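Since the structure comes first, as structure tokens, the remarks are kept for the end.
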Amino acid sequence: MNLPGALKQYFGYDAFRPLQEEIIVDALAGRDVFALMPTGGGKSLCFQLPALLRGGLTIVLSPLISLMKDQVDALQASGIAATFLNSTLDGNEARARLRGLYGGDYRLLYVAPERLMLESFLEKSKQWNVSQIAIDEAHCISEWGHDFRPEYRELAKLRTHFPEVPIMALTATATERVRTDILKQLKLRDPRCYVASFNRPNLSYRVVPKAKPYEQVLALIRSRPNESGIVYCASRKTADSLAAKLNVDGIKAKPYHAGLETADRAGHQDSFLRDDARVITATIAFGMGINKPNVRFVVHHDLPKNIESYYQETGRAGRDGLPSDCVLLFSAGDVMKQRRFIDEKSEHEQRVAHEQLRAMVAYAETRDCRRATLLRYFGEEFGPSCDGCDNCLNPRETFDGTVHAQKFLSCVHRIQAKSGFGFGLNHIVEILTGGNTEAIRQRGHDQLSTFGIGQDMNRNAWQSIGRELLRLGLLAAAPGKFATLQLTDAGMAALRERKPITLTKPVDVEERKRSKHRAGEIECDEALFERLRVLRRRFADERDVPAYVIFSDVSLREMARDYPTTPAAFGRIPGVGQQKLRDFGEPFTAAIADYLATHSRA
């Protein structure tokens with residue numbers, strides 16, 4: 001069978017995504033392959049299709065138990081013989097699957113690295129006619145990667161145990177240094193290396209000054225009714241409190257972090273995958289390899305520690321290629337928190353972590369195209385602007401901020417002169433706005449000449465100005481436990497010489513100015529789309545799988561645009577392979593015909 005024919009038969013697609021076909025041809029030729037493809041770029045297909053077209057068993061190494069079941073459910077729904085072995089199975093089920101492996105019943109086996117590398121398991125696997133090994137999330141093998149896992153180091157021994165079996169290493173995020181490390185650690189032989197573009201054109205990127213974070217997150221979620229999203233938090237406590245508040249405000253949300261019981265964590269993830277929970281509030285413990293394609297927004301409530309993490313976490317949005325939003329709430333205080341965490345590391349780790357944090361802060365504070373800034377970090381050049389970030393879509397208005405800057409800088413200077421040391425951003429803003437706080441009265445700061453001189457603007461506006469003066473290098477946040485502000489040499493010169501200072505107006509999180517047609521958008525009959533979502537959910541519940549295992553949102557939108565009412569027309573919808581045509585063709589075409597009986601085509 002030719003490759004396009006197999007692609008359509010098993011997966012229901014008419015064309016490969018970039019680099020997929022070349023990788024599959026090399027894999028079928030028995031070559032070692034390294035593939036760096038962005039989240040949603042179709043990495044899994046690169047080893048799944050060869051597994052169906054060659055004899056023997058493909059072993060897929062995956063770091064997360066939850067992902068294994070997800071992938072296997074999706075493969076089985078497409079009529080593909082796949083299974084997994086992990087600690088969630090009872091003894092009888094595990095033995096039954098092992099019998100199937102000895103009998104050659106499966107084409108793909110998903111397993112964790114630590115299980116495969118057990119001596120007893122390796123001995124068993126040598127009797128299963130292993131013809132390909134795929135290592136997912138391969139960056140975990142590198143200490144320079146953002147998610148180093150010691151158990152991945154053991155995979156270096158695979159070449160000794162399976163000297164003739166081709167190995168495929170796959171990842172979505174790796175700098176040049178990490179790529180080199182992966183090839184070396186896995187001992188790949190003359191590998192074909194494929195690096196796809198890191199650009200995700202369907203994602204929009206925005207950075208918003210962090211003012212009232214809960215209200216900002218709530219407004220953003222409410223502006224996207226019925227859509228799924230992830231809110232990443234720096235701490236377990238924040239993840240728990242955010243979820244609790246959202247539920248009080250009528251948004252079905254679940255927390256996810258390492259502090260939860262294993263069963264609760266799995267249950268919360270399952271609720272999210274099945275659309276019972278609309279939002280998951282999570283620490284970085286959540287998400288590697290999450291296969292939910294219809295995550296429409298990812299919010300970072302707190303600053304990530306490096307761009308690799310940020311890129312991978314935002315990459316969980318819009319895996320189906322439909323328009324999705326990535327929003328980062330940013331404050332100088334979060335930078336200081338990250339620096340305090342870094343100060344607790346060893347000297348070598350501190351050097352790497354500070355370097356990574358500087359790049360993250362530069363991304364958050366840039367006025368340049370955010371997409372270009374992200375891609376440049378991974379060694380990829382992009383044009384000067386895009387149609388999918390705040391800085392390009394809606395360049396912030398600037399204004400002559402000389403007077404405001406003078407007031408702020410003067411206030412910082414007066415406090416330093418009176419007290420002999422600096423204070424944090426909030427305290428300075430309270431003085432400028434004439435705040436009647438105990439801290440101000442106690443220190444006599446209500447006697448300063450700058451007390452109350454900023455009452456023409458609210459506290460949020462002054463905080464925004466303070467953050468921008470930090471970004472412009474006129475103020476510095478002192479290291480240590482408290483993020484106290486002090487004038488830099490440039491700030492002192494600006495104050496003394498009354499230099500003109502241009503400031504930018506902040507943008508509210510609720511604003512959603514976009515280009516008319518966003519990348520990946522599929523215009524369709526929204527009423528029919530909603531009806532098909534209900535039908536999809538019914539089948540998903542009957543089979544006890546997430547809804548996207550039945551059909552993705554892309555497939556449903558194509559149905560709601562093309563109105564297929566015959567098996568032939570339904571079979572042409574992307575994502576409808578032979579098995580899904582047999583299983584779902586009749587009920588879905590009947591539902592569309594029933595809808596057309598009372599509605600005209602949009």
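The values are calculated or read from the model by the stated rules, or taken from the named source; none is laboratory data. Quick caveat, the model's predicted, so the values are computed rather than measured. When we count neighbours, we look across all protein chains shown, and the Cβ atoms used for this are built from the backbone with ideal geometry, even at glycine.
What to note about this one:
- Looking across 441, 370, 414, 376, one residue alone is under 30 Å from residue 202 (Cα atoms) and surrounded by fewer than 19 Cβ atoms within 10 Å (Cβ to Cβ). It is 376.
To keep it simple, each residue is scored yes or no on (1) of a type outside the set (S, T, N, Q); (2) buried (at least 23 other Cβ atoms within 10 Å of the Cβ); (3) touching a Leu at 6+ places or on another chain (Cβ under 7 Å).
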{"position": "324", "(1), (2), (3)": "no, yes, yes"}
{"position": "328", "(1), (2), (3)": "yes, yes, no"}
{"position": "337", "(1), (2), (3)": "yes, no, no"}
{"position": "354", "(1), (2), (3)": "yes, no, no"}
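- Applying the criterion of being over 26 Å from residue 575 (Cβ atoms) and among the small types (Gly, Ala, Ser) to the residues of the range 58-95, the residue that is nearest to the chain's Cα centre (by Cα) is 87.
- Residue check for residue 5: part of a loop (DSSP other than H, G, I, E, B) and among the small types (Gly, Ala, Ser): no
- Selected residue (only one of 163, 201, 191 is in contact (Cβ under 8 Å) with a residue 60 or more places away in the chain and surrounded by fewer than 17 Cβ atoms within 10 Å (Cβ to Cβ)): 201
- Residue within the range 120-128 that is within 33 Å of the chain's Cα centre (by Cα) and crowded, with 18+ Cβ neighbours inside 10 Å present: no
- Where residue 178 falls short, out of the listed (1) modelled with pLDDT under 90; (2) among the hydrophobic types (A, V, I, L, M, F, W, C); (3) not in a helix (DSSP H, G or I): (3)
- Any hit, the range 235-253, residues being buried (at least 19 other Cβ atoms within 10 Å of the Cβ), of a type outside the set (Val, Ile, Thr) and assigned to a strand (DSSP E or B): yes
- Residue 207 vs. criteria surrounded by fewer than 19 Cβ atoms within 10 Å (Cβ to Cβ), in contact with a Leu (Cβ under 6 Å, 6 or more places away or on another chain) and touching a residue at least 24 places away in the same chain (Cβ under 8 Å): no
- Subset of the range 151-175 that is in contact with a strand residue (DSSP E or B) (Cβ under 9 Å, 6 or more places away or on another chain) and assigned to a loop (DSSP other than H, G, I, E, B) - its residue that is nearest to residue 27 (Cα to Cα): 166
- Looking only at the range 254-308, and only at residues there that are assigned to a loop (DSSP other than H, G, I, E, B) and among the charged types (D, E, K, R), the one that is farthest from residue 322 (Cα to Cα): 261
- Pick from the range 544-578, criterion of a type outside the set (Phe, Trp, Tyr) and under 19 Å from residue 277 (Cα atoms), ranking: farthest from the chain's Cα centre (by Cα): 544
- Pairs linking a residue in the range 111-127 that is assigned by TED's automatic domain parsing to the domain that holds residue 156 to a residue that is among the acidic types (Asp, Glu), with Cβ atoms under 6 Å and 6 or more positions apart or on different chains, are 113/151; 114/151; 117/154.
- Of the helices (runs of 4 or more DSSP H) lying entirely inside the range 338-412, none contains at least 3 residues that are at pLDDT below 90 and among the aromatic types (Phe, Trp, Tyr).
- Qualifying residue in the range 265-276 (condition: surrounded by fewer than 21 Cβ atoms within 10 Å (Cβ to Cβ), outside the structural domain of residue 110 (by TED's automatic domain parsing), touching a strand residue (DSSP E or B) at 6+ places or on another chain (Cβ under 9 Å) and more than 18 Å from residue 548 (Cα to Cα)): yes
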